[in-house]
RNA sequence: GCCGCCGUAGCUCAGUGGUAGAGCGCUCCCUUGGUAAGGGCGAGGUCGUGGGUUCAAAUCCCAUCGGUGGCUCCA
């Protein structure tokens, strides 16, 4: 015992795991007492309107029951570093955290256990919050929000109502209040044909608005809303008991769970996101986003320019067939037309073979349709289209390679210049006509899909021969327009956004259905529409969709007054039925960055003052996973845009700079046959040789995503318990670039741990805990410190935390080496070094700083300055090349001129030897960098 | 098939025209009443390959191979 005591005394202040935890506990308590990470809003005590604001947002997590694994904090550590840095630079930093807490896993857990999703979700949130706090993140926890809170989803519902009460004005392309539509239709400023809405003069046939029946008028208006009801062929997943968005279906299976998905018509709430498609593409241009993410969004939206072309149908004077093409210049090469199996024209045909084909196509999943991608199928309809230019008859086929959901659901097939049409024509022996020749004059038997020169494209009415593809397109479109057979058109791959789900654990829609079946919105005063409790959460597994909330019959059947519908719209006693669908998991994440700015506001979703300050210029930096490139990030931009149009927000884009942290992987082990072996069933026999414990067979080490099944998940609590949070933070940042994916290797943590120990030992006597400081400045160390300040500041801005840490390591190594066993830094230098370390390892940095004589919260300290002149040396070792090959280096003044350099270099034996007696033909001097001697003969 | 990104030490990564670097791992030495410890010295790279531009190329250009992420019957 006595010996132990003695040993403990000697090393009582060694920076080990126990001391790290002790420091971290005390510092975190200190920060809470000081409320150190709170940032005031306009109007609050301490708010300074002259401060520059920096809004740094993390993608908030879905709190699952399993807690955090080491991959979660990666981005959070990155943002914490730049936030702490910007605060030290004097900016007002908004750095909040919250919970994306509606969603399927909690509901599925409820189905298994009967525990209310609110209970499990709250437990998970508490775990996540505790774990996040252990990292010492500088979140302003007073701004925490959860999407499941009534105070939050009340405003989610309010925003949805904003969309419901507006339409996209075709004259401006902007979201506009719906009453403008009603007024302009009744005054004739806008006209309709019952489907679309335009300014007068742009539609061939229009309805006389004021003579229309009231219900017809309401139908037209309802059909224009940004949030509208529509009977859609949806992706119905019987196993999950819900419909899914296109984005949630991968290869005909649900993204979650991999269950089969079938196509089914269903009345659903939609968002008219397609009317914003152009703006969503164009506005990407000015955003500081990863290139790959912009590309993905553009591809996802899939804008393509072309023409709509109408073919009359022979023998059916009342019917025309409209096709969409991006190559109207190839119209003379259209030798057949193809419609999708779901196309209405198919209903005109009695042929049983046609219907057999369509039924079969409908029953095949998307996956089956795609797996046989080369083999085309189809049957002729027995109908013919009349070519709008030549008047020739063109056979019409039905084939499932044409999709009802894109363009018009019908195409003109040009087998000479489209690979798919070519394959189809070849299989069914249909004419192939070449109407485009390559620019270089060569001809080819292959299907030529590039641009070129039009050939074989003339008849009495029109000739395109000799025109380039671009000219031919324009000529053809003009001809079609003036002959009433078509027009210029843009279509998108993007579809309108299916927003209804048949689940329980989501936001209810603030809308009811009256006795006539029409919709009536809940008034603002009636919000929130609270989610009712249910006795059981079991989905009704059926081919006929049944929303879960339909089980809450008392809640569903109510009156207009009780539901919160304004008496102006319906008398309070009117019996109504509530909407039983709920919003999808994306809803809450479409606006959470707005709520953080003013999280407790009960009068508005955000105050005017808060939005003017925090949302001016949008979120300055948004960090999260690249997997959200086309879903969350597109939806969020859409919501932000329509709220901007309606005057509720100061910018049309939410996130100015976007950054994706990489995926954190882990080692996993694989047998020769490719089978994976759990990490804990493998041992390392000798260096880098691994064998399976059960069979002794050698296994290969691979890098894989962390997953429960591989048993390679690392829990951050364990790492923090052993090394402390500062080491954890440093390790994850030092592993590599923040946006690269990289493998966790517990063995390497000790590297940065030792760095912190060296830094601690540089400044602290490990026996006494007293500071080790000197009074006279070591000039070399001072210069190195200035360089480190410059580099670390630059690197943090670039989110290059790995190289910043490398610079800190180099500084500590340098200072330790220069001073030998003597104290290396003055109190002032120690303070500056601690402040540099602060953003990365805030606990130990604050402790070091305090022990060296500068107490106080490190986040409130100022970022140190550096002196430019300290970054350059007076005397340098100039590298010398002879004929471009490095031959040695010569000491000289940094600013030596050519003559000086030449004489000093020629005084060096090694250089003279390298010249081998040759004369110097040319001397290239890059001052301060290098000199290159080009020898003559 | 198309698009993006990446190939630098055994491993993970810095280094965007000018002497190839860091951490881990490895050799050897020292220290040890801090022990999966500390300190020191060192080895280890024709920068994927082949061309080109340049006084000079890991770096710029072209080609090629390998890896990785995304899109894909979208007319």
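The values are calculated or read from the model by the stated rules, or taken from the named source; none is laboratory data. A quick note: this is a predicted structure, and the numbers were derived from the prediction, not measured. Every residue, glycine as well, gets a Cβ built from its backbone with ideal geometry; the counts of neighbours run over all protein chains shown.
Each row is one residue, and each column tells you yes or no for (1) surrounded by fewer than 18 Cβ atoms within 10 Å (Cβ to Cβ); (2) on the phi > 0 side of the Ramachandran plot; (3) more than 15 Å from RNA strand B (Cβ to nearest atom).
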{"position": "A:281", "(1), (2), (3)": "no, no, no"}
{"position": "A:291", "(1), (2), (3)": "yes, no, no"}
{"position": "A:305", "(1), (2), (3)": "yes, no, no"}
{"position": "A:320", "(1), (2), (3)": "yes, no, yes"}
{"position": "A:328", "(1), (2), (3)": "no, no, no"}
{"position": "A:331", "(1), (2), (3)": "no, no, no"}
{"position": "A:334", "(1), (2), (3)": "no, no, no"}
{"position": "A:346", "(1), (2), (3)": "no, no, no"}
{"position": "A:360", "(1), (2), (3)": "yes, no, no"}
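Filter region A:379-396 for residues that are within 26 Å of residue A:263 (Cα to Cα) and either surrounded by fewer than 21 Cβ atoms within 10 Å (Cβ to Cβ) or near RNA strand B (Cβ under 7 Å from one of its atoms) (or both) and give the result. Within region A:379-396, A:379, A:380 meet the criteria. Considering only residues of region A:307-318 that are within 14 Å of RNA strand B (Cβ to nearest atom) and in contact with a helix residue (DSSP H, G or I) (Cβ under 8 Å, 6 or more places away or on another chain), which is farthest from residue A:632 (Cα to Cα)? Applying the filter and picking the extreme gives A:309. Regarding region A:423-435, can at least one residue be identified that is over 29 Å from residue A:317 (Cβ atoms), more than 14 Å from RNA strand B (Cβ to nearest atom), part of a loop (DSSP other than H, G, I, E, B) and without any contact (Cβ under 8 Å) to a residue 40 or more places away in the chain? Within region A:423-435 (the criterion being over 29 Å from residue A:317 (Cβ atoms), more than 14 Å from RNA strand B (Cβ to nearest atom), part of a loop (DSSP other than H, G, I, E, B) and without any contact (Cβ under 8 Å) to a residue 40 or more places away in the chain), the answer is yes, since at least one residue qualifies. Of the candidates A:852, A:857, the single residue that is away from RNA strand B (no atom under 14 Å from the Cβ) and touching a strand residue (DSSP E or B) at 6+ places or on another chain (Cβ under 8 Å) is A:852. Please work out if residue A:812 is part of a helix (DSSP H, G or I), within 10 Å of RNA strand B (Cβ to nearest atom), closer than 24 Å to residue A:27 by Cα and modelled with pLDDT under 85. The answer is no for residue A:812.
Could you check region A:266-279 and list, in sequence order, the residues that are surrounded by 14 or more Cβ atoms within 10 Å (Cβ to Cβ) and either more than 14 Å from RNA strand B (Cβ to nearest atom) or over 25 Å from residue A:623 (Cα atoms) (or both)?
Correct list: A:266, A:268, A:269, A:270, A:271, A:272, A:273, A:274, A:275, A:276, A:278, A:279.
When we screen A:922, A:817 for residues that are without any contact (Cβ under 8 Å) to a residue 40 or more places away in the chain, surrounded by fewer than 16 Cβ atoms within 10 Å (Cβ to Cβ) and in contact with a strand residue (DSSP E or B) (Cβ under 6 Å, 6 or more places away or on another chain), the only hit is A:922. Of all residues in region A:889-924, those being over 16 Å from residue A:875 (Cα atoms) and assigned to a strand (DSSP E or B) number 5. Taking first residues from region A:375-390 that are over 23 Å from residue A:328 (Cβ atoms) and partners that are in a strand (DSSP E or B) and more than 16 Å from RNA strand B (Cβ to nearest atom), the Cβ contacts under 7 Å between residues at least 6 apart in sequence or on separate chains come to A:380/A:395.
Among the candidates A:423, A:474, the residue that is modelled with pLDDT of 90 or more, closer than 30 Å to residue A:301 by Cα, within 40 Å of the chain's Cα centre (by Cα) and surrounded by 13 or more Cβ atoms within 10 Å (Cβ to Cβ) is uniquely A:474. Does any residue of region A:499-517 turn out to be under 22 Å from residue A:224 (Cα atoms), within 16 Å of RNA strand B (Cβ to nearest atom) and modelled with pLDDT under 90? No, every residue in region A:499-517 fails to be under 22 Å from residue A:224 (Cα atoms), within 16 Å of RNA strand B (Cβ to nearest atom) and modelled with pLDDT under 90.
Could you go through region A:723-744 and let me know if any residue there is over 31 Å from the mean Cα position of the chain (by Cα) and at pLDDT below 85. No, every residue in region A:723-744 fails to be over 31 Å from the mean Cα position of the chain (by Cα) and at pLDDT below 85. Going through (1) crowded, with 20+ Cβ neighbours inside 10 Å; (2) outside any helix (DSSP H, G or I); (3) modelled with pLDDT of 90 or more one by one, residue A:87 falls short only on (2). When restricted to residues that are out of contact with any strand residue (DSSP E or B) (no Cβ under 6 Å at 6 or more places or on another chain) and assigned to a helix (DSSP H, G or I), region A:128-153 contains 13.
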